[in-house]
Amino acid sequence: AQSVTQLGSHVSVSEGALVLLRCNYSSSVPPYLFWYVQYPNQGLQLLLKYTSAATLVKGINGFEAEFKKSETSFHLTKPSAHMSDAAEYFCAVSPGTASKLTFGTGTRLQVTL
Amino acid sequence: DTEVTQTPKHLVMGMTNKKSLKCEQHMGHRAMYWYKQKAKKPPELMFVYSYEKLSINESVPSRFSPECPNSSLLNLHLHALQPEDSALYLCASSHVVVAGELFFGEGSRLTVL
């Protein structure tokens with residue numbers, strides 16, 4: 001079985017500051033890991049994915065994440081936050097099939113001036 | 001602009017009504033999904049269709065009835081719902097073999113009175 005834990009249901013950063021959203025996974029098989037973003041009143045959009053190739057994954061909107069097997073982590077970072085980054089972020093894990101995607105509980109990112 | 005289109009965006013219905021949610025995609029994806037999302041919670045998988053056949057039913061009550069008329073369309077028929085069924089219903093699609101990379105619609109917000 002796979003699961004992900006997102007530490008911090010709410011993160012607040014100043015505009016221009018580093019964004020760090022934490023995700024730890026548990027998986028009995030090599031996992032596929034994902035970050036999705038959900039803006040208010042919208043569906044989810046894929047930010048980036050790890051599928052056992054490069055451990056540092058670059059996504060859209062300047063986000064990236066690093067897969068660290070030793071720490072069972074897949075934290076999401078962005079060097080400089082922008083007001084438009086304010087949204088809900090979900091980490092997700094899959095055993096390798098599209099259908100069984102398990103989401104974390106989400107982290108709401110607030111960006112302040 | 002999302003490539004998965006859901007209608008209606010908002011729906012209010014009584015507990016005795018029958019209504020349907022509709023989803024359409026033209027990306028050639030052969031897997032389609034229904035998710036339910038309550039406020040401040042992650043999406044929960046309800047149904048998965050693969051090549052127009054129901055492949056996963058996550059023990060969803062029979063008052064929710066999915067239908068996949070063709071590879072581009074996915075419906076969710078609603079009957080005798082309860083107020084606790086009020087939620088955002090998200091449709092998604094994916095390539096069958098690409099793990100976890102889902103394309104979501106903007107959702108249909110359902111209110112059951």
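The values are calculated or read from the model by the stated rules, or taken from the named source; none is laboratory data. If you're wondering where the values come from, they're calculated on a predicted model, not measured in any experiment. So basically every Cβ, Gly included, is an ideal-geometry build from the backbone, and we count neighbours across all protein chains shown.
Scanning the stretch A:41-62 for residues that are within 13 Å of chain B (Cβ to nearest Cβ) and in contact with an Asp or Glu (Cβ under 8 Å, 6 or more places away or on another chain) yields A:41, A:42, A:43, A:46, A:48, A:49, A:57.
Which residue out of A:105, A:77 is surrounded by fewer than 21 Cβ atoms within 10 Å (Cβ to Cβ) and either more than 14 Å from chain B (Cβ to nearest Cβ) or farther than 30 Å from residue B:9 by Cβ (or both)?
So the residue among A:105, A:77 that is surrounded by fewer than 21 Cβ atoms within 10 Å (Cβ to Cβ) and either more than 14 Å from chain B (Cβ to nearest Cβ) or farther than 30 Å from residue B:9 by Cβ (or both) is A:77.
Residues of the stretch B:47-61 include at least one that is more than 13 Å from the chain's Cα centre (by Cα), within 22 Å of residue B:12 (Cα to Cα), more than 14 Å from chain A (Cβ to nearest Cβ) and modelled with pLDDT of 95 or more. Condition first: within 12 Å of another protein chain (Cβ to nearest Cβ) and under 12 Å from the mean Cα position of the chain (by Cα). Now tell me which residues in the stretch B:10-30 satisfy that. Of everything in the stretch B:10-30, just one residue is within 12 Å of another protein chain (Cβ to nearest Cβ) and under 12 Å from the mean Cα position of the chain (by Cα), namely B:23. Does any residue of the stretch A:63-73 turn out to be of a type in the set (A, V, I, L, M), outside any strand (DSSP E or B) and either within 13 Å of chain B (Cβ to nearest Cβ) or buried (at least 18 other Cβ atoms within 10 Å of the Cβ) (or both)? No.
Note on the stretch A:28-46: residues that are under 21 Å from residue A:9 (Cβ atoms) and surrounded by 23 or more Cβ atoms within 10 Å (Cβ to Cβ) amount to 6. Comparison of A:33, A:18, A:44, A:48 shows that the only residue that is of a type in the set (A, V, I, L, M), touching a residue at least 12 places away in the same chain (Cβ under 8 Å) and farther than 27 Å from residue B:33 by Cα is A:18.
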